[in-house]
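Only one structure is covered here, and it is reproduced in the block below.
The values are calculated or read from the model by the stated rules, or taken from the named source; none is laboratory data. Since we're looking at a predicted model, the values are computed, not measured. Reconstructed Cβ throughout: ideal geometry from the backbone, glycine too, with neighbour counts over all protein chains shown. These area figures cover heavy atoms from the full protein model, side chains too; ligands, DNA and RNA do not enter into them. Shrake-Rupley method; radii C 1.70, N 1.55, O 1.52, S 1.80 Å.
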Amino acid sequence: MKSTWIRWLVGILFGLVIGRVSFGIVAPFLSPVLGAEPDWLAEDPTAFHYVIIAALVIQLLVAIAIAVWLARITVMKRLIGWGLVALGAVLLMNIVSTLLFSGLNLGALINPGSRAESDASTAFWFWLLAMALPYTVIGAAGLIVGGILLRKTR
C-alpha cells in the first residue's frame with residue numbers, strides 16, 4: 001500500500017475511536033443545551049432521541065475532522081503521536097465531564113448520612129474503580145507515549 005493510503009487508514013481509525021469515545025463529553029453538554037433542564041428529558045419521551053441523534057451527528061463530525069487532520073500529517077510517527085495525544089485528552093475529558101454533570105456532592109460521598117446517600121457513594125466508588133481508573137491510566141499513557149513520539153520526531 002502507498003504511504004497516503006496508510007496515513008488515511010490510520011487517520012480514519014483514530015477518528016473513529018476518538019469519535020466513539022467523545023460521546024461521554026458530547027452527551028452531557030447536549031441535554032442542558034437542548035432542554036435547559038433534565039426534567040425536559042423526562043417530560044418529553046422523544047427528547048432523549050433528539051439528544052442521541054445530535055450527539056451522534058457531533059461524534060461523526062469529530063471523527064471526520066480528526067481523520068482529515070491526521071491524514072494530512074506526512075510523518076507516520078507524528079501522525080500516531082498526535083492521534084495518541086488526542087485520544088488521551090478525550091479520555092481524560094470524559095472523566096472530567098462525567099464528574100461535572102453527575103450532580104454528586106463530595107461531602108455526601110465521604111460521609112453518607114442516609115441509605116440513599118450510602119448507595120450513591122457506593123455506586124460512585126464502583127464507577128471510580130471500574131471506569132475512571134482505566135480511562136485515566138489509558139488517557140495518561142496515550143498522552144505520554146504521544147508526547148514522546150512527537151518529541152522524537154522534531
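For the structure I just gave you, tell me whether residue 22 is open to solvent by less than 60 Å² (accessible area, probe 1.4 Å), at pLDDT 80 or above and touching a helix residue (DSSP H, G or I) at 6+ places or on another chain (Cβ under 9 Å). Taking the combined requirement at face value, the residue satisfies it.
If the condition is being under 11 Å from residue 19 (Cβ atoms), of a type outside the set (Val, Ile, Thr) and surrounded by fewer than 17 Cβ atoms within 10 Å (Cβ to Cβ), then region 53-88 contributes 56, 60, 61, 65. Of the residues making up region 34-50, those that are under 21 Å from residue 98 (Cβ atoms), open to solvent by 30 Å² or more (accessible area, probe 1.4 Å) and modelled with pLDDT under 70 are 34, 36, 37, 38, 39, 40, 41, 42. Elements of the type helices (runs of 4 or more DSSP H) sitting completely within region 89-154 and holding at least 2 residues that are open to solvent by 50 Å² or more (accessible area, probe 1.4 Å) and at pLDDT 90 or above: these cover 133-152.
Considering only residues in region 51-77 that are part of a helix (DSSP H, G or I) and touching a Leu at 6+ places or on another chain (Cβ under 6 Å), the one that is modelled with the lowest pLDDT turns out to be 51. Residue 30 meets each of the listed conditions (1) open to solvent by 50 Å² or more (accessible area, probe 1.4 Å); (2) at pLDDT below 95 apart from (1).
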